[in-house]
Amino acid sequence: MKKKMLSSLVGLAAVGLLVGCGNNSAETDSSVQRIGILQYMEHKSLDKAREGFIAELKDEGYEDGKNIKIDSLNSQGDQANLKSMSEKLVKEKSNVILTIATPAAISVATETTDIPIIFTAVTDAVSAGLVDSNEKPGKNITGTSDMVPIDKQTNLLLSIVPDAKAIGIIYNSSEENSVIQAKLAKEAIEKKGVKVKESTVTSTNDVQQVMTALAGEVDGVYIPTDNTLANTMETVGEIARNKKLPIVTGSAEDVKVGALATYGLDYEKLGRQTGKLAVKILKGEAKPADLAVDMPTDLDLVVNEDMAKALGIDPSTIK
Amino acid sequence: MDIIISSVSQGFLWSIMAIGVYLTYRILDVADLTAEASFPLGAAISASQIVSGTSPLIATIMGLVGGLLAGLVSGLLHTKLKIPALLAGILTMTGLYSVNLRIMGQANVSLLGKKTIMRFFNDLGMTNQIATLIVGVIASLIVILFLFLFFRTAIGLAIHATGDNNAMSEANGINTDNMKIIGYMISNGLIALSGALMAQSNGYADISMGIGTIVIGLASVIISEVLFKDVSFVKRLFLIILGSIIYRFIISLVLYLGVAPTDLKLFSAIVLTICLSSPLIKNKLNRKKK
């Protein structure tokens, strides 16, 4: 019996070897550049960033299957798989690796100090240790930040409710990006002499209750780009509608579903900005170490007119 | 070849967590869910210590100690407050989530450019993968040596007896509560050690890195048991390393075959179901032969 198990084990390993070799031999064409993409999780904004990246490459003459080969992976938020996938992209000698969201960027950066890495949807690349500074990254990695203009957004909220005594901020305390943004928003609002009430959730299950409690105590709510809140924006919007409470969010996507307004960044355009960085590296015009981290440039005022009417606000007065 | 090296290097690190799971699951005969939180606890403690400048070796040991304490809590809940093992584990796991967040101060602590154990080998010119392999081999051998010696002591034998037959052990004057608590502690200490090393290999500690770890641990144990039944304690520990390498290999294989990202979780579940149900299938096959 033992022998049988051993032989089947060897068989399994042999299959693995064949698969491994099969991959390698098919990929030795040197005129084709390899682009690896590692996305942390399935998410509308992250998906759009990836699509924008690929579209920009195509516009610049780099098309998948012609002169580049794109290997697009998604770890679905699983840390163990994230590591395996990072190793895979590095071993396959990608010419450039695009990483989407902070954990993906750190994971690939841990595996290679040679292959150029471009990140996007990273809020603070310096505190994540990815770059020495945004102006001069210094290593094999650069990219685009999705830091939203929190000052502009909180000012927008305060202009909608000029007599506000207290503003609420609600976010998931276990999402690092949200924590950073909530802190910045709190500072910005308090600077204007308005009180801030912070409420945190740990999962989508908490949102209804926490939001209802918060809605009774404040005159307006700010929500950062938070995955948990984004997933429950319908619920949040419904509560806001009943309580006549204006909400400004970090992301434009959230406004469409249940918030009132924001100055939002377009993740597809951010992906395109990221693509431009990649093109410079593919053409050999620049090295990541010298390419400054790009901040989002395209910001649009987004207003949910339906919600504005429900709150009794004239949409044209929001700016 | 690449995926074999990758599976082996990661398998060694995961095997330390799998051995921890084995101690509660098979030796003590309880399913302890504390693992899902003691794994990130080890990562959180060691990562935040490394960031604040503690030597990586000491930071790793501090992570292990954190796991011992987590095990102590679950053990006390289970034995002294008579809370069922499954619930005791869930309670500790839930509470530790907040503790882990407090320790890290944020949801994700990056170790890029910091002095980690892996970095020491990186500086000798090794890739991260080889560094992980070396650290994994050394750590798992130390763990097995420790357990080999420990389970020959009076306490170790008493723990074994407690798991085998609680009533009989009690009748023979063994304080089974204390034995269970010690078992819980060692188990979670090892799981936290695995988490501490994994964070240094991954380059970050993350609040959600514990999700699914108990399943990875159980799968490794079960695969090793499917391959070889009825072996001695030390042989079993070595076979768990093999089991955890094989599990990572299967998952890597699925990844390399280019499964669509949306289907990945489904494939993981299918792979696990096959692993978990294989003892049954094997039994049936054996019976047919007879």
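The values are calculated or read from the model by the stated rules, or taken from the named source; none is laboratory data. Quick caveat, the model's predicted, so the values are computed rather than measured. Counting neighbours? That spans all protein chains shown, and the Cβs are built from the backbone with ideal geometry, glycine included. Side chains are part of the model used for accessible areas, which takes the heavy atoms of the whole protein and leaves out ligands, DNA and RNA. Shrake-Rupley method; radii C 1.70, N 1.55, O 1.52, S 1.80 Å.
Assess whether B:ASP206 counts as being free of Cβ contacts under 8 Å to residues at least 40 places away in the same chain, within 11 Å of another protein chain (Cβ to nearest Cβ) and either open to solvent by 30 Å² or more (accessible area, probe 1.4 Å) or not polar (S, T, N, Q) (or both).
Values: free of Cβ contacts under 8 Å to residues at least 40 places away in the same chain: no; within 11 Å of another protein chain (Cβ to nearest Cβ): yes; either open to solvent by 30 Å² or more (accessible area, probe 1.4 Å) or not polar (S, T, N, Q) (or both): yes.
Against the criterion (free of Cβ contacts under 8 Å to residues at least 40 places away in the same chain, within 11 Å of another protein chain (Cβ to nearest Cβ) and either open to solvent by 30 Å² or more (accessible area, probe 1.4 Å) or not polar (S, T, N, Q) (or both)), B:ASP206 does not qualify.
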Looking at the stretch B:16-47, which of its residues are of a type outside the set (A, V, I, L, M, F, W, C), more than 13 Å from chain A (Cβ to nearest Cβ) and within 14 Å of B:MET198 (Cα to Cα)?
-> B:SER38, B:GLY42, B:SER46
Hey, B:ALA59 among the aliphatic types (A, V, I, L, M), farther than 27 Å from A:ALA101 by Cβ and open to solvent by less than 20 Å² (accessible area, probe 1.4 Å) or not | no
Got a sec? Which of B:LYS229, B:LYS265 is facing chain A (nearest Cβ under 7 Å) and open to solvent by 20 Å² or more (accessible area, probe 1.4 Å)?
-> B:LYS265
Scan the stretch A:220-231 residue by residue and report those that are over 18 Å from B:LEU101 (Cβ atoms) and buried (at least 21 other Cβ atoms within 10 Å of the Cβ).
-> A:GLY220, A:VAL221, A:TYR222, A:ILE223, A:THR225, A:ALA230
Condition test on B:SER252, is it within 17 Å of A:SER75 (Cβ to Cβ), polar (S, T, N, Q) and assigned to a loop (DSSP other than H, G, I, E, B)?
-> no
Matching option when the condition is modelled with pLDDT of 95 or more and touching a strand residue (DSSP E or B) at 6+ places or on another chain (Cβ under 6 Å), among B:ALA59, B:ALA88, B:ALA47 = B:ALA47
Are any residues in the stretch A:76-101 under 14 Å from the mean Cα position of the chain (by Cα), more than 16 Å from A:LYS139 (Cα to Cα) and buried (at least 24 other Cβ atoms within 10 Å of the Cβ), and if so, which ones?
-> A:ILE100, A:ALA101
Of all strands (runs of 3 or more DSSP E) completely enclosed by the stretch A:126-238, which ones contain at least 1 residues that are over 23 Å from the mean Cα position of the chain (by Cα)?
-> A:166-172, A:195-201, A:220-223
Would you check if there is a residue in the stretch A:187-194 being surrounded by 18 or more Cβ atoms within 10 Å (Cβ to Cβ), closer than 26 Å to A:GLU234 by Cβ and either of a type outside the set (Asp, Glu) or in contact with a helix residue (DSSP H, G or I) (Cβ under 6 Å, 6 or more places away or on another chain) (or both)?
-> yes
Could you please find all residues in the stretch B:141-156 being closer than 13 Å to B:LYS235 by Cα and either open to solvent by 40 Å² or more (accessible area, probe 1.4 Å) or without any contact (Cβ under 8 Å) to a residue 12 or more places away in the chain (or both)?
-> B:LEU141, B:LEU145, B:PHE148
Considering the stretch A:241-254 alone, what residues qualify as being buried (at least 24 other Cβ atoms within 10 Å of the Cβ) and of a type in the set (A, V, I, L, M)?
-> A:ILE247, A:VAL248
Exception for B:GLN200 within (1) within 12 Å of chain A (Cβ to nearest Cβ); (2) open to solvent by 10 Å² or more (accessible area, probe 1.4 Å) falls at (2)
Conditions: (1) in contact with a strand residue (DSSP E or B) (Cβ under 8 Å, 6 or more places away or on another chain); (2) of a type in the set (Val, Ile, Thr); (3) away from every other protein chain (no Cβ under 11 Å). A:VAL179 meets all but one. Number of the miss?
-> (3)
Filtered residue count, the stretch A:64-75, keeping only those that are open to solvent by less than 20 Å² (accessible area, probe 1.4 Å) and away from chain B (no Cβ under 13 Å) = 1
Tally the residues that are in contact (Cβ under 8 Å) with a residue 24 or more places away in the chain and open to solvent by less than 80 Å² (accessible area, probe 1.4 Å), restricting the search to the stretch A:277-291.
-> 8
Filter the stretch A:200-215 down to residues that are over 14 Å from A:ILE247 (Cα atoms) and not β-branched (Val, Ile, Thr) and give me whichever is nearest to the other protein chains (Cβ to nearest Cβ).
-> A:SER203
Does B:ILE240 count as more than 12 Å from chain A (Cβ to nearest Cβ) and within 15 Å of the chain's Cα centre (by Cα)?
-> yes
Unique residue being open to solvent by less than 10 Å² (accessible area, probe 1.4 Å), within 20 Å of the chain's Cα centre (by Cα) and more than 14 Å from chain A (Cβ to nearest Cβ) when the list is B:ILE159, B:ILE138, B:ILE181 | B:ILE159
Test set (1) within 14 Å of another protein chain (Cβ to nearest Cβ); (2) surrounded by 19 or more Cβ atoms within 10 Å (Cβ to Cβ); (3) at pLDDT below 95; (4) over 29 Å from A:VAL201 (Cα atoms) - B:VAL109 fails condition number | (4)
For the stretch A:255-276, the count of residues that are over 23 Å from A:ALA164 (Cα atoms) and either open to solvent by 10 Å² or more (accessible area, probe 1.4 Å) or charged (D, E, K, R) (or both) equals 10
Within the stretch A:78-117, tally of residues that are more than 11 Å from chain B (Cβ to nearest Cβ) and touching a Phe, Trp or Tyr at 6+ places or on another chain (Cβ under 8 Å) = 3
When only residues in the stretch A:292-319 that are free of Cβ contacts under 8 Å to residues at least 40 places away in the same chain and acidic (Asp, Glu) count, which is surrounded by the fewest Cβ atoms within 10 Å (Cβ to Cβ)?
-> A:ASP314
Tally time: how many residues in the stretch A:161-216 are among the charged types (D, E, K, R) and without any contact (Cβ under 8 Å) to a residue 24 or more places away in the chain?
-> 6
